[in-house]
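Asker: Questions regarding the structure given below will be posed in turn.
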Amino acid sequence: MVEPRRLLVIFFLSTLLIAYSNANVEEIQKGTEEGDEEGKVGGQKAHGVTYDARSLIINGKRELLFSGAIHYPRSTPDMWPDLIKKAKQGGINTIETYVFWNGHEPVEGQYNFEGEFDLVKFIKLIHEHKLYAVVRVGPFIQAEWNHGGLPYWLREVPGIIFRSDNEPFKKHMKRFVTMIVDKLKQEKLFAPQGGPIILAQIENEYNTIQRAFREKGDSYVQWAGKLALSLNANVPWIMCKQRDAPDPVINTCNGRHCGDTFYGPNKRNKPALWTENWTAQYRVFGDPPSQRSAEDLAYSVARFFSKNGSMVNYYMLNDTLFRQTSLFFLCLHYYGGTNFGRTSASFTTTRYYDEAPLDEFGLQREPKWGHLKDVHRALSLCKRALFWGVPTTLKLGPDQQAIVWQQPGTSACAAFLANNNTRLAQHVNFMGQDIRLPARSISVLPDCKTVVFNTQLVTTQHNSRNFVRSEIANKNFNWEMYREVPPVGLGFKFDVPRELFHLTKDTTDYAWYTTSLKLGRRDLPMKKNVSPVLRVASLGHGIHAYVNGEYAGSAHGSKIEKSFVFQRAVSLKEGENHIALLGYLVGLPDSGAYMEKRFAGPRSITILGLNTGTLDISQNGWGHQVGIDGEKKKLFTEEGSKSVQWTKPDQGGPLTWYKGYFDAPEGDNPVAIVMTGMGKGMVWINGRSIGRYWNNYLSPLKKPTQSEYHIPRAYLKPKNLIVLLEEEEGNPKDVHIVTVNRDTICSAVSEIHPPSPRLFETKNGTLQPKVNDLKPRAELICPGKKQIVAVEFASYGDPFGACGSYFIGNCTAPESKQVVEKYCLGKPSCQIPLDSIHFSDQNGACTHLRKTLAVQVKCA
């Protein structure tokens, strides 16, 4: 523990040393004198984006950049304004997006910038909301997007090797990247032109595969950097996770804890930027739920903005220290969205990054949204010290430290007090104050005196998502069915089955393989309890097998292991036997070296258990058909559905189309379909695919990875055609339409919670409270224009649980609910002070507890 007097001496000495020993400090002081107290840099251009070791400098001013990733094709254009607005309300001042090459150029030379691929419209909306933009051009993006964003047709360019110093690839990459940058320049969307784009990215996480290409990888990195600079966008270019990014391209960090893991920029004159802070983990089919807490996210953000990389001591105030502490750009996966149609990468779910601050439906996920808003606010209150100060690290205990930013010669000071003990809270003495630090937390003190935020103590509200069965949409919801018949004796014959990626060319998930063989009576097993076995070894992703028109079963690989072996007992007969295999894909690969050399589909097909031994039919001669008949007839459209005879549904069977109609659900809440009872397939609404479903691929928890599928309101009409393609043996009788809300809101605040940073402001460089009463309080705000209609839970004592499932503990004040109802019922928002005057503790049971108020209400 550091004594207060010793702290003062350290600050005094460090100020003297700083002021006279380092030229960079002089620059800082000079910048402050010539500009404003928080960000303006003297001598910089009024328009444009530059950088130094300290930060990006935008239009002559330093900025703390809190960036949120919103990928425009993963939502509909009508959702974009609301998503951007909510991001801004959450303290985001920059929107980041990839550019999706295979969406913009699905066929070589044919471009698409319409609808959800209207990149220019999206960037202009960002500008209208007065936010900055970061455009990650790629053109390889990974992003769990089909083929990593690369169009399929690239695979068939002669001699091509993706992402290498390979002339065919570089030719097409240069053409596309140039076209995108020129398009954005024509619309005057780069910052020097008055637009919002302040950064652009070339390539993506190339370091992870660079060694696979040896010297061709090294030269490719240099070429890509030079290409970017030659486009004259006049904003800095970045390469994420790229240690050898060529000057002046900035190498950046991706990860969960870049404050601890980033090795820093590769040159001293570059700032440290964090281009991906993963707010959760994307899921693939077969995965259990994955989460990342709001507390861990906030900790990583505060750590990143506070910590001086390699923990350089204040005596070593050289360029290295400044290089390692210029941590003023952060990008979060802020909204995941939906992988509509066939846009997801191999095995990736249709729902994408649903655990982000804005969930798949664009609803605010609390407390993640609010807690990040608070950390953004807390850091913004530290601007002056972060921009113009010099950091000093002080040890406060075995696992406790203070990182103090102090501007030489001024009172500007900000402190970040960290407790890195992951199990126990600790008390530290800092500047004469006894401050409690919860386990693995950081407290932010914008004036080195006042705690306005702690990463572990959430003062914002929580909420719980509800799926509400729609009365209107599910009324008179009747299904009809049409079952496909497996083909026999297809043309397009080859000796062996064709490779599945090349066969389908990313136009469909499906391809048929057919063959036939004649068997004599002596070929078949003589014993009744012995049956032949069909074995198919496949490179991925899955197959459905039919023998003599009968469904024999299915098998598939996984995200981890694409290849698999199908083995099933089958019924063969004397004479001619027909075998039909429906191979299917679940998206193209999105990562790794030599993506153009990935393969899928059957590679070895044998029949075991015959009297004459194992029969290899791999080279028996196979007919092929790309796609299934229902796709060709467009049964998912109104016109196409008239081309076949639909019947009443039976108990369910493989390769069956189901058709129905439903009315648009009530209200304006987001809409989803719950695929109860279904196996695997795809859903169309009014002819538009909302993505793949796979309900019978269960996680280790014996539950589907995803059960609810987003139907954008933009896809709906007063009366709607819904078509399902069920590949296996699902039955749609329990499928239903729901609306989605987060109208269950909660708050859990204890006596030790600091006041919200939203209650503070800086005036003339001084931190000031906006209100007189800074005591802890529970805050509740209904979404939209709704009001609190019911208090579902209230306990002041030691309640436990989470929003949607709170429980009363051993101690509770009896009048808790009554007081909450008094403050909240009938109001759109309310605040309940924790002051004991509002809660009597008649039996004294709560006297020695650190009491918490937990509240759950319903909005409508």
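Asker: Based solely on its DSSP helices, what 222 nm [θ] is calculated for the chain when runs of n ≥ 4 H residues each add -39,500 (n - 2.57) and the sum is averaged over all residues, nearest 500 deg cm²/dmol?
Answerer: That calculation yields -5000 deg cm²/dmol at 222 nm.
Asker: May I ask which of Lys88/Lys216; Lys719/Lys786; Lys86/Lys475; Lys121/Lys171; Lys40/Lys174 have a Cα-Cα span longer than 31 Å here?
Answerer: Where the Cα-Cα span goes over 31 Å, the pairs concerned are Lys88/Lys216; Lys86/Lys475; Lys40/Lys174.
Asker: Which one, Ser538, Val674, Thr279, is farthest towards the positive end of the dipole of the chain when Lys and Arg carry +1 and Asp and Glu -1 on their Cβ?
Answerer: Ser538
Asker: Between rounded, prolate and oblate, where does region 368-462 land on the alpha carbon gyration tensor, with a ≥ b ≥ c its root eigenvalues, rounded for a/c under 1.5, else prolate if a/b exceeds b/c?
Answerer: Working: a/c = 2.13, a/b = 1.15, b/c = 1.86.
Verdict is oblate for region 368-462.
Asker: If you don't mind, another one. In region 339-466, what is the count of Lys pairs whose alpha carbons are under 23 Å apart, counting only pairs at least 8 residues apart or on separate chains?
Answerer: Lysine pairs meeting the criterion: 5.
Asker: Cβ neighbours within 10 Å, averaged per peptide: list 797-808, 667-678 in order, most packed at the top.
Answerer: Ranked from most to least packed, the peptides come out as 667-678, 797-808.
Asker: Relative contact order for region 31-180 using alpha-carbon pairs under 8 Å, separation at least 6, rounded to a whole percent?
Answerer: Value for region 31-180: 17 percent.
Asker: Quick one: compute the contact order of the chain, relative version, from alpha carbon pairs under 8 angstrom and 6+ residues apart, as a percent.
Answerer: With pairs under 8 Å counted, the relative contact order is 11 percent.
Asker: Keeping all protein chains in place, calculate the accessible area per residue for region 51-365 (probe 1.4 angstrom), answer in Å².
Answerer: 30 Å²
Asker: Per the Cauchy relation, a quarter of the hull surface: what is the mean projected area of the convex hull of the alpha carbons in region 38-121, in nm²?
Answerer: In nm², the orientation-averaged hull projection of region 38-121 is 7.6.
Asker: Same structure again: If you roll a 1.4 angstrom probe over the protein chains with everything in place, what fraction of the accessible area of the chain belongs to carbon and sulfur, to the nearest %?
Answerer: With neighbouring chains kept in place, the figure for the chain is 50 percent.
Asker: Quick one: work out Rg over Rh on the C-alpha atoms of region 566-626, Rh as Kirkwood radius. Before the final figure, lay out the partial values.
Answerer: On the way: Rg = 15.7 Å, Rh = 14.8 Å.
Result for region 566-626 is an Rg/Rh of 1.06.
Asker: Then there's this: Using the membrane-span-like helix rule (whole DSSP H runs, Cα extent along the own axis of at least 24 Å, mean Kyte-Doolittle hydropathy at least 1.0), which helices of the chain qualify? Before the final figure, lay out the partial values.
Answerer: Numbers: long enough: 4-21 (25 Å, 1.41); 167-186 (28 Å, -0.70).
Result, helices passing both filters: 4-21.
Asker: Straight-line reach from Lys241: which aspartates and glutamates fall under 15 Å, measuring Cα to Cα and dropping same-chain residues less than 8 apart?
Answerer: Candidates past the 8-residue exclusion: Glu203, Glu205, Asp218, Asp260, Glu276.
Asker: Between region 257-294 and region 429-449, how far is it from one alpha carbon centroid to the other, in angstrom?
Answerer: Each part's Cα centre sits 26 Å from the other's.
Asker: Rounded to whole Å, give me the distance from the Cα center of region 347-417 to that of region 461-490.
Answerer: A separation of 43 Å, based on Cα centres.
Asker: Could you work out the relative contact order of region 530-627, using alpha carbon pairs under 8 angstrom and six or more residues apart, expressed as a whole percent?
Answerer: Once normalised by length, the contact order is 34 percent.
Asker: Could you sort Arg692, Arg423 by their accessible area in this structure, using a 1.4 Å probe and putting the largest first? Can you show the working numbers first?
Answerer: Values: Arg692 10, Arg423 185 Å².
Per-residue accessible area, sorted high to low, gives Arg423, Arg692.
Asker: For region 729-805, report the accessible area per residue in Å² (1.4 Å probe, heavy atoms, rounded to an integer).
Answerer: 44 Å²
Asker: Enter the Cα centre distance for the pair region 642-718 and region 539-566, rounded to the nearest angstrom.
Answerer: Comparing the Cα centres of region 642-718 and region 539-566, I get a distance of 23 Å.
Asker: What's the Kirkwood radius of the chain in Å, using all Cα pairs?
Answerer: Over the chain, the inverse of the mean reciprocal pair distance is 29.9 Å.
Asker: First obtain the Kirkwood hydrodynamic radius of region 629-788 from its Cα pairs, then insert it into the Stokes-Einstein equation at 37 °C and 0.692 mPa s, and state the resulting D in µm² per second as a whole number.
Answerer: Diffusion coefficient, whole number: 167 µm²/s.
Asker: Expressed in nm to one decimal, what extension gain is obtained for the pair Arg521 and Lys121 from 0.36 nm per residue of sequence separation less their Cα-Cα distance?
Answerer: On the way: separation 400, 0.36 × 400 = 144.00 nm, distance 6.88 nm.
Separation in residues times 0.36 nm, less the Cα-Cα distance, equals 137.1 nm.
Asker: First measure r as the distance between the Cβ atoms of His502 and Arg713, then evaluate 1/(1 + (r/R0)^6) with R0 = 56 Å and state the FRET efficiency to the nearest 0.05.
Answerer: On the way: r = 38 Å, r/R0 = 0.69.
Efficiency for this residue pair is about 0.90.
Asker: Something else now. Straight-line reach from Lys597: which aspartates and glutamates have a Cα under 16 Å away, not including same-chain ones fewer than 8 places off?
Answerer: Glu156, Glu499, Asp506
Asker: Same structure, new question: Would you mind putting 426-433, 344-351, 237-244 in packing order, based on average other-beta-carbon counts within 10 Å, highest first? Intermediate results must be reported in sequence, preceding the final value.
Answerer: Values: 426-433: 16.9, 344-351: 25.2, 237-244: 21.0.
Ranking the peptides 426-433, 344-351, 237-244 by packing returns 344-351, 237-244, 426-433.
Asker: So, one more: If all Cα-Cα distances of region 51-365 are sorted into 10 Å bins from 0 onward, what percent lands in each bin, rounded to whole numbers?
Answerer: Bins of 10 Å from zero give 6, 27, 37, 24, 5, 0 percent of pairs.
Asker: Cross-link list Lys562/Lys642; Lys505/Lys559; Lys770/Lys858: which exceed 32 angstrom alpha carbon to alpha carbon?
Answerer: Among Lys562/Lys642; Lys505/Lys559; Lys770/Lys858, the Cα-Cα distance tops 32 Å for Lys562/Lys642.
Asker: From the Cα trace of region 621-701, what convex hull volume per residue do you get, rounded to a whole Å³? Don't skip to the end; give the middle numbers.
Answerer: Details: hull volume 14.5 nm³, N = 81.
It is 179 Å³ per residue.
Asker: Okay, next question. Enumerate the lysines that Lys518 could reach by cross-link, defined here as Cα to Cα under 30 Å, with residues fewer than 8 away along the same chain left out.
Answerer: Lys493, Lys527, Lys528, Lys573
Asker: While we're looking at this one, here's another question. Using 0.36 nm per residue of separation minus the Cα-Cα distance, give me the extension gain between Lys763 and Lys216 in nm, one decimal.
Answerer: Length gained, Lys763 through Lys216: 191.4 nm.
Asker: Can you compute the equivalent ellipsoid semi-axes for region 135-254, i.e. the square root of 5 times each eigenvalue of the Cα gyration tensor, sorted largest first and rounded to whole Å?
Answerer: Result for region 135-254: semi-axes of 23, 17, 13 Å.
Asker: Considering region 485-627, what Rg and Dmax in Å follow from its alpha-carbon atoms?
Answerer: Just the Cα atoms of region 485-627 yield Rg and Dmax of 15.5, 51 Å.
Asker: Using 7 Å Cα-to-Cβ label points, what is the Lys775/Tyr111 separation (nm, one decimal)?
Answerer: 6.3 nm
The values are calculated or read from the model by the stated rules, or taken from the named source; none is laboratory data. Everything numeric in this text was worked out from a predicted model, so none of it was measured. Neighbour counts run over all protein chains shown; Cβ positions are idealised from the backbone, glycine included. For the accessible areas, the whole protein counts, side chains as well, though only heavy atoms, and no ligand, DNA or RNA atoms are used. Shrake-Rupley method; radii C 1.70, N 1.55, O 1.52, S 1.80 Å.
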